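Each value in this text was obtained by applying a stated rule to the coordinates, not by laboratory testing. Since the structure is predicted, the reported quantities are computational estimates derived from the model, not experimental observations. Positions of Cβ are generated from backbone atoms using ideal geometry, with glycine treated the same way; all protein chains shown enter the neighbour counts.
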Amino acid sequence: MTGQIIRPYGDTTGDGRVQLSFTLPIPFGTPAERARAEGAALQLAAKMGLAPAMVVHAKGMGPDFTFCIVYGRVSHLVDLSEVTVLEREFPLLSSAEVNLRIRSGLGRKLVVVGACIGTDAHTVGIDAILNVKGHSGEKGLEYYREIRVVNLGSQVDIGDLVARSKAEGADAVLVSQVVTQRDAHLSNSRKMADAFTAAGPGRPLLVVGGPRFDQGMAAELGVDRIFGKGTTPGEVASYLVHALTPARAPAATPSPNGNGPGSADLEGLNPDGPAADGPESADRVSAADVSAADVSAETSRAAQAAR
Amino acid sequence: MTMEAGGTVTRRLNLDPATVREARELARLAGQPIVELARTHTTVSVERAVLRLAGLEGADEDGLPWVNRLSDAVRESTGLEHGVALPAWDALLAGGYDSLAALARDAARGKVAFRIPTGADAYSARVAASGALQHGMARIDAQRAAREAMIAETAEPPRPWIYLIVATGDIYEDIPQAQAAAREGADIIAVIRSTGQSLLDYVPEGATREGFAGTYATQENFRLMRAALDETSRELGRYVRLTNYASGLCMPEIASLAGLERLDMMLNDCMYGIIFRDINPRRTFIDQRFSRQIHARAGIIINTGEDNYLTTADPVDAAHTVIVSQLMNEYFGKEAGLADGQLGLGHAFEIDPAVPDSFLLELAHAQLVRELFPDAPLKYMPPTKHMTGNVFAGYLLDAFFNLCGLMTDQSILLIGMMTEGIHTPFLSDRDLALENVRYVRDAAGKLGENFRPPPGGFIELRANEVLGEAVRLLRRIGAEGLLNAIADGTFGITRRPADGGRGLDGVIEQAGGYFNPAAELLDPPVLGDFDTERPADGDPRAAAPVETGARQ
């Protein structure tokens, strides 16, 4: 029987063996420093629930740091009955699967019109979703062969957005709202939904996104879907085909990449500044994990305070 | 390595010299109309760069730079068809202002009536503007000389140069990280820009401590980092280069600031902004030419962004688009006055490791680039697309990347991180990455000498196949025009029409009598003389133009 209670598997059922690596901000130079660093690593491992633990590798990195690799046995138990899985209403698809769904379901390109409306000049979010560059290692919607993207940019008038969406034959309208003073993001979204409704039948799918939206408010705002912080282009694309292409008998299998690493905070959505295109250009190292950037920003603020 | 030892590139592919010549000729033909466009147009950013080179710094209370305020005021009143210099220096002289900053303040308040001067007034304005720009160019020249002096005082690191990135968002955090990276072995430090800066139509001011996944490129940040790396270069006895990004809507201005503050390398691609940032193609090409003229003068090595195509298009199917773009970058770069030793053409190791013989394909592509551009300091980029989060497999892939780079004599290796795509590198990721490259270099650094792909073998055939495809694509581009080819989605699969994208409203056709005092100092024939007199710094091979000329 596969039990409800499990432990990690090293080489024997239930042995609980794991590996761990980390860096400590202490030197690893003299024999005394080395002994202290290894002791510190073991203390951390013990506090993390590794007992017994073994420092299999320790190395000085520069004058002030020690890198450690630790193996140990965790005492923790995992209760599978308590595991909760966040359910999406749609499966995550790879770009190839998205393209296929559009080809077979629509038989033409899916048209997406994107904009920042009202006074919002922060195109960071919409660009992170639409530009080829994308973010968090995922290419934006422009990358999808079967999606035609019309990015209207910032401070787009709602009337213009409605007119342009009609002219382009938009299947979906994506609107990013970063500025939230006096709940501008909410009132702008409502105004937009009203304008599309007033424009008559054939309203495109309305999707809004931004860091301060409550994702449960879609109906209240009159839009079809709200995406919050951390949304990747692949999620948006998967949602669009889910909502816009006729469902086929066997739903496409979820993409193994769907939950891949780096599904970071979308858009670096900080209301105070222009953000997130990921590292510029050629240097794509650690393509903009904005959540990590947030952390480092916090760290630096802390450091600033310390000065 | 062969390059350092003999200054020549080992030929391994038996490329047909006639095909190579044809490829270059086709690139020239495709590029000429674009150069003509750039020579007959200006942009708001080119004009602002003129003001920056004339020494106008600082920003108003809202952080909008004075160069923007002044050029906007001129544009509103007289337009920029004649350039910003004539009306600005005319007003400066007429109003008795003691500085451009004072003029900009009044102009921003609407207190200055600009005009296009004629006759003696025009002459006076030209002389004054030229004097100011000569002073700016002298500052750039002095920085170039200072770089040469620093290299003489410390030492030129052997190639390949190790390129590492810092990106905290806070310049005062970046500095110790950059210094630590240099001590750990980095020869080049790149400070990643805050995301979104490429789409700002102004350059932020001052030292900045908040950024997103990167740090704003500002003149003060440039200065602070260069000063810190000078200190570290002296400490290490090895010149540590500094890199930033002359891309986006402010490309010419950032290039100018880089020259003034002695940055050593700048990302500066002819098409990257168009393809990946949806910046208007005309704007990009005009800005690009001016920025490259500045880089040429400043002795800055440019890095091009062809590696990016391989992150969107398939690296095997689209291998030839990399070659085509490199040839275009080479043509545009040389036309703007860059020497071979300043052309850090980019490419990448991005083939899916599941593809059979992927390493052989990578070797073929990397060696092809090496032989096509024997004198260029090629920049080779590590895998990103197939870094899956399995850090153990990623570490192995990075080792193969390092091996390929060493076997094919690449000049600049951007060091891959096993945590690529997961988070900004941990201190330990960087240390492990350097351990990886050190091991490969020590264990197999001389493997290149023994690397002789057999004639008619897989590698030679593949390289020639890619070159053949590149020539065919260049013929097509020549027939339909580069702007149309870009509009058709030839590069990076994205379609970018010539009149689409951001920044087109900042493109201005030059009127008769257009005057740009910077361009007059930078354009040939001045540049032609300059080019032969001043080899690219940091490239001992470029110091001997005769040798370069004799090679082909």
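Computed values, structure above
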item	result
Of A:Lys133/A:Lys229; A:Lys191/A:Lys229; A:Lys109/A:Lys229; A:Lys139/A:Lys166, pairs whose Cα-Cα distance is over 24 Å	A:Lys109/A:Lys229; A:Lys139/A:Lys166
Estimated inter-spin distance, A:Arg17 and A:Leu106, nm [label 7 Å along Cα→Cβ]	5.2
Descending semi-axes in whole angstrom, ellipsoid equivalent of segment B:45-134, from the Cα gyration tensor	19, 14, 12
Share of alpha-carbon pairs per 10 Å distance bin for the protein assembly as shown, given as whole %	2, 12, 22, 25, 21, 12, 5, 1, 0, 0
Test item: A:56-66 mean partner chain Cβ contacts at 10 Å	3
Stokes-Einstein translational diffusion, chain B - Kirkwood Rh over all Cα pairs, 0.692 mPa s, 37 °C, in µm²/s	138
Shielding by partners, peptide B:341-347 (average Cβ within 10 angstrom, other chains)	1
Projected area averaged over orientations for segment A:95-244, convex hull of C-alpha atoms, nm²	7.9
Amide H contacts under 5 Å for A:Arg148, placed H, 5+ residues apart	A:Leu110, A:Val111, A:Val112
Calculated [θ] (222 nm, deg cm²/dmol) that DSSP helices of n ≥ 4 give over the protein assembly as shown, each run adding -39,500 (n - 2.57)	-14500 deg cm²/dmol
Per-residue average of Cβ from other chains inside 10 Å of B:175-181	1
For segment B:323-409, the fraction of alpha-carbon pairs in successive 5 Å shells from zero, as %	3, 14, 24, 21, 15, 11, 7, 4, 1
DSSP beta bridges in chain B [antiparallel fraction, %, rounded to 5]	15
Ordering of B:495-505, A:21-31 by packing [mean C-beta count within 10 Å, highest first]	B:495-505, A:21-31
Whole-Hz ³J(HN,Hα) from phi, Karplus 6.51 cos²θ - 1.76 cosθ + 1.60, for segment B:361-373, glycine and proline x	5, 4, 4, 4, 5, 5, 5, 4, 4, 4, 7, 6, 10
Segment B:394-468: mean projected area of Cα convex hull, nm²	6.3
Per-pair calculated FRET efficiency, R0 = 22 Å: A:Asp64 and B:Glu235 via Cβ, rounded to 0.05	0.90
Viscosity 0.890 mPa s, temperature 25 °C, Stokes-Einstein D of segment B:111-160 from Kirkwood C-alpha radius, µm²/s	172
Rh by Kirkwood over Cα pairs, then Stokes-Einstein D for segment A:126-190 at 1.002 mPa s and 20 °C, µm²/s	163
Sorted peptide list for B:365-375, B:338-348, B:509-519, A:33-43, criterion being average Cβ within 10 angstrom, highest first	B:338-348, B:365-375, B:509-519, A:33-43
Charge context of B:Asp317, other residues only, Cβ under 14 angstrom, K/R +1, D/E -1	-1
Ascending count of other beta-carbon atoms within 10 Å, so fewest first, for B:Tyr123, A:Tyr143, A:Tyr71	B:Tyr123, A:Tyr71, A:Tyr143
Mean separation of Cα contacts under 8 Å (6+ apart) over length of segment A:95-244, as relative contact order %	26
For peptides B:59-70, B:256-267, B:449-460, B:162-173, sequence by mean Cβ density within 10 Å, most packed first	B:256-267, B:162-173, B:59-70, B:449-460
Distant-in-sequence amide H partners of A:Val156 (H built 1.01 Å from N, under 5 Å)	A:Cys116, A:Ile117, A:Gly118
Per-q log10 I(q)/I(0), segment B:3-70, q = 0.20 Å⁻¹ (Debye; single scatterer per alpha-carbon; no solvent)	-0.88
Filtered trypsin sites (Lys or Arg not before Pro), segment A:38-114: DSSP coil and at most 16 other beta carbons within 10 Å	A:Arg88, A:Arg108
DSSP beta bridge pairing in the protein assembly as shown, given as percent antiparallel to the nearest 5	35
Coil-residue trypsin sites (Lys or Arg not before Pro) of segment B:430-486, DSSP, other Cβ within 10 Å capped at 14	B:Lys446
Quotient of C-alpha Rg and 2.2 N^0.38 Å, computed over segment B:308-355	1.33
Calculated P(r) tail over 11 Å for segment B:152-201, as whole % of Cα pairs	71
Hits among lysines - C-alpha to C-alpha of B:Lys446 under 29 Å, sequence gap 8 or more where chains match	A:Lys59, B:Lys379, B:Lys385
Local net charge near A:Asp15, Cβ-Cβ under 15 Å (Lys/Arg +1, Asp/Glu -1)	+2
